[in-house]
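Everything on this sheet refers to the single structure shown next.
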Amino acid sequence: ADFLSGYAHWVVFTLIIKALMGWLAGAVCDFQGDGSKLFTLRNGAAVLLAEVWMVIGYLLGGAVLKSSFAVSLASVPENCVQAIGGILVFSVLAVAFCRAKIYRFVTRG
């Protein structure tokens, strides 16, 4: 999306930030349970941690690209909105997966 929307200079930063988000969430999430719940406190904390990293990662990436940490701070509110959106999407999908009993198929190894 960065490349296609005229923000090609963000592509490398986005790849690194999003990869680390996935790694953080995966490292903290509980996939060893009985498969009956996806919406747990631990998984919610994992998503929150990943989203906090995203805000910090884009803050640091912006500081590098703009050569100014202070200028990069202007992007924090919009990245917080993006983080809240990610948490909401997780919440809705987690509840839907649990109600549809899909979670056990998603985590089957």
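Out of curiosity, is residue 39 assigned to a loop (DSSP other than H, G, I, E, B) and surrounded by 15 or more Cβ atoms within 10 Å (Cβ to Cβ)?
Yes.
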Residue tally, condition within 12 Å of the chain's Cα centre (by Cα) and open to solvent by less than 50 Å² (accessible area, probe 1.4 Å), over the stretch 77-92: 5
Hey, residue 41 within 19 Å of the chain's Cα centre (by Cα), at pLDDT below 90 and of a type in the set (A, V, I, L, M, F, W, C) or not: yes
Count of the stretch 66-107 residues which are modelled with pLDDT of 90 or more and not in a helix (DSSP H, G or I): 2
For residue 1: the one exception among (1) modelled with pLDDT under 90; (2) in a helix (DSSP H, G or I): (2)
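The values are calculated or read from the model by the stated rules, or taken from the named source; none is laboratory data. All of these numbers come straight from a predicted model, not from anything done at the bench. Heads up, the Cβs are rebuilt from the backbone with ideal geometry, glycines too, and the neighbour counts pull from every protein chain shown. The accessibility values were calculated without ligands, DNA or RNA, using every heavy atom of the protein model including side chains. Shrake-Rupley method; radii C 1.70, N 1.55, O 1.52, S 1.80 Å.
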